[in-house]
1. Compute the relative contact order of region B:170-237 as a whole-number percentage, counting only Cα pairs closer than 8 Å that sit 6 or more residues apart in sequence.
2. Pop out the ³J(HN,Hα) list for region B:195-207 in order, Karplus 6.51 cos²θ - 1.76 cosθ + 1.60 with θ = phi - 60°, rounded to Hz; leave Gly and Pro as x.
3. Hey, rough spin-label estimate for residue A:165 and residue B:129, points 7 angstrom out along Cα→Cβ, what's it come to in nanometres?
4. At a threshold of 8 angstrom on Cα-Cα distance, excluding pairs fewer than six apart, so keeping six or more, what relative contact order does chain B reach in percent?
5. Stretch residue A:35-residue A:95 to full length: gain in nm at 0.36 nm per residue minus the Cα-Cα span?
6. Short version: ³J(HN,Hα) in whole Hz for each residue of region A:429-437, in order, from phi by Karplus 6.51 cos²θ - 1.76 cosθ + 1.60 (θ = phi - 60°), x for Gly and Pro, what are they?
7. Measuring from centroid to centroid over Cα atoms, what is the spacing of region A:343-413 and region B:75-89 in Å?
8. Among B:158, B:181, B:194, which comes first, second and so on when ranked by fewest other beta-carbon atoms within 10 Å?
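Every number here is computed from the coordinates shown, using simple stated rules; none is lab data. Everything numeric in this text was worked out from a predicted model, so none of it was measured. Heads up, the Cβs are rebuilt from the backbone with ideal geometry, glycines too, and the neighbour counts pull from every protein chain shown.
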Amino acid sequence: MGKRPKRRRVRIRKQSAYPTHRTQQHLPYPELVESEPNDTPYRILDSNHIDGLISNGLTNKQDRQLIVPLDQNGHVVSNHELAHVKWSPEIWPKVRYHPNIFLAVEDARVNLGLERIGMPMQVPPSDRVEIAKLAFQDFQRGDYGMLILRGIASLGTDVEEAIFEPLAQADPIIRELGNDLRESVRTRLERAADRIEKPVASDRATGKIAKDVAKRLESYGLIEKCGLTSVAEADGCLVCGPPGEGCGDGDGVLTIDDGARAHTRRERSGGDVDPGTMKIVMAPTPQRILGNQRALERKWRPAAEGSVVTAVHRMPIDGAIFRRPIRHRGGTILIDTSGSMRLSSEEIDRLVRVAGGATMVAMYSGDGDEGELRIIAKDGRRAVGMHLDPYGQGNIVDLPALEWLAEQAMPRIWVSDGSVSGCGDRGSKELRLACADVKRRGQIERLGKVDDAIARMSRRGRRAARVDRTKKKS
Amino acid sequence: MAEKKVVEPRRPTDWALVEELLSSEEMRTMFLYGDPSLGKTYAAYHFGRTGEEIYAITLTEDTPAAELRGHYVPVEGELVWRDGPFTAAMRNGSRLVINEVTHGPPEAQSLLYPVLESIETARLTLPTNETVRPAPGFQVICTDNLTPDELPDALQDRFDCTIEVTEPHPNAFDKLPADLRQAARRSFALESARRVSIRRWLAIDRLRGKIGLRKACHAVLGPARGDQIMDALNLGKA
C-alpha cells in the first residue's frame, strides 16, 4: 500500500490449466470505488502465483497495481485492498517512526471502516489458522512489538481475538500495553470517524494515532528489542494472510493472467529471447486421404426448402427436394516436430492419415534463428515421403507457429510436449508466457503425444473432448 | 455511383454523425463494426427510418444464400416462391440490417455484391426469372464485431461508410439510474477480462427491482463476479 521503500523480487509460479477462466471470476474492481475517475485501469495480479511476498494482499495506488488472491477465499482480501484504494492516501507519508506502525494503524482504519459500512472483514477459516500461527510465532520469538502491531492491524476483523490470544501468556506489562493499545486505537479511530461523519478517520488523525503508538512501543523498548527492523521492507498488509500455495502444473505451459504477464516483464532482469523467423511452406499434396474421402466430397444435404429443386423423387418420401450445404467437420492440427518430440516420419504419416477430417495439418521445427511451418495436408489431400521429414532439430518458431494456428479453423490442436524456444533454441519465461497467451486466446488444445492426437481425432475422441468441454463449462 | 464518404475512426465514437448518416437518404450502405454490446445493432434498427419496416438477418457459417434471396416452399402440393430478406427489402425500399456479415459463407457474401451495388446497378435475378431492382429508400446496414478487413476487398469497397464504434451511445448510459451509471461507465473502460457491458448493467437494473441488487448481480454476472461488483458498488457509495 502506498509507496514502498524497496521493491521485492517476485517470482511467478506455474498455474494449472485453464486458470484464466477460473481466476477472471474473482477479479476485483478498484476503479469502481475511487472517488475520481482515472483513465488508467488497475493492474490486477494473482498473489497465489507470485513468490516473495510476505502477505497475500497489496495495493499500490501510485503504480495502480493490486495484488490479491484470485480465488474464492481471496474475496475478503480483495475487499480489504479495495478499502485501501478508497480511503488510504496515494503517497505514503514520511514518518519518523517505523513505517510498519503506520501500516498497522492504516489497516485498522480501513478494517473498522469496512465494519462500519456493513462489510466486515471475515477471514476464511484456512487463512485464520495461518494468521493465528504467525501471531503465535511472534510470541514465541518474543517479538511482542510485531505481535501488538499485527493485533492492531486486525482491529475490526474476526481474527482480532485469535491474534491477541498469545498476549495473555506474556509478561503482565506487555499484556497491559497490548490491551491498552488495542482499545485506544479502536476508540480513537472510531471517534475520529464520527467527528467527520465518515466511515473512516481522517489521514491526519490516523497519523497522530500511529505516532502515539510508535511512542508507546518505543518507551517499552519494543521497537529495537523485537527486531521490527527485520520486517522494515514488509510488502503487503499485516492483517492479510500469508500467500497461499499455487496450483499444480497443468499442461506444462505457463499460463497467467494479463496483469501478471505485464508484471513479469517489468520484473525480469534481461535475457529476452526473440522467436525465430518462420517461413510457411505448402508441401505438394499429391495423395488423397482415404477413409474420409466420401464424407469430404459430400457438400450438400437434402432440405425441405430451397431455391433449386434437385431431388423431385423425394417429394412423396420426405419432401426434401432441395439441397443445402453441409458444414464439414474441420479443424487444424499443428505438429511440433522438434528433436524433443522424437517423432518419426511414420508417426507423422499415421497422424496425417487419421486426421482426414481436419481442414489442415501442418508441422514445424527450426534450426538456429529460423524455422519452417509446412502444411502437409489440406482439403482431403496430403503430402508424402520426404515432405514429412522435420526441417530442423529445434523448436525456434513455436510462437509464430502458434499465432498461425490461432487463425486457422477450429478445433485447433497442437501436438507438442509444451516446451517452447526462440532464436538459438533458447527458452525464456517471456516466450513461454507469450505462447501461453496465444494458446489461451486461440483456444488451442495441446496434446503431448501423437497417440493422444490420434485418439482425439477418432470419432470417440471427439465426442469425449466435447463432453469434457461441457463438463468444464458446467 | 454516389460519392464515397470516408469516415475516419474516432475516439470517442461520434454518435451524432452515425445518427445523421443513418437518417440520410444519400447513405445507402454502411458497415458498423466494434466490440460487442456497444449498440451497433440497436443503432441500425432504431436510428433514422423509424416506424418503417426493417428486415434483419444474422449470418452464420451455415446460412445458405437461398435463405437470403428467397426460396420455394412446398405448399399443399405446389411449390410457392417466398422472398428472402434481401429480395423483400429491395422490393419494398426498406432498410436491410445484416448482422455478423463476416461470419457468412462465401455464397452468402457473393450475394451481397449485387445488393450493395449503387442504386442504378443493384439488381437480383431470382430463380423465377424475375429481376428485382431496389425501390427508392433501400438501405443496407451491416454490423460486425470484426473489422472490414475480414471481407473481400471488392465487398469492402461497396460500403458508402465504414465506421468503427468504440463506445456505447451516451443515451445507453442515461437509461441507467444514477447509482449504477458511473459504475457502468467505469467498468466499461476496463480490459476485456473485467469489462461489464452496458447490456449487463441494464439487466441488473431491470432485475434488482424484483430480487434485490446483490441477487441481480449474482444472476447476471455469476456469484463470484457478482460479489466483486456488489462490494465495489457498496464501497464506492461509502
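1. Over region B:170-237, the number comes to 20 percent.
2. 5, 10, 6, 4, 4, 5, 5, 5, 5, 4, 5, 5, 7
3. 9.4 nm
4. Relative contact order of chain B: 24 percent.
5. Roughly 19.0 nm would be gained on extension.
6. 4, 4, 5, 4, 5, 5, 5, 4, 5
7. After rounding, the separation between the Cα centres reads 47 Å.
8. So the ranking, lowest neighbour count to highest, is B:181, B:194, B:158.
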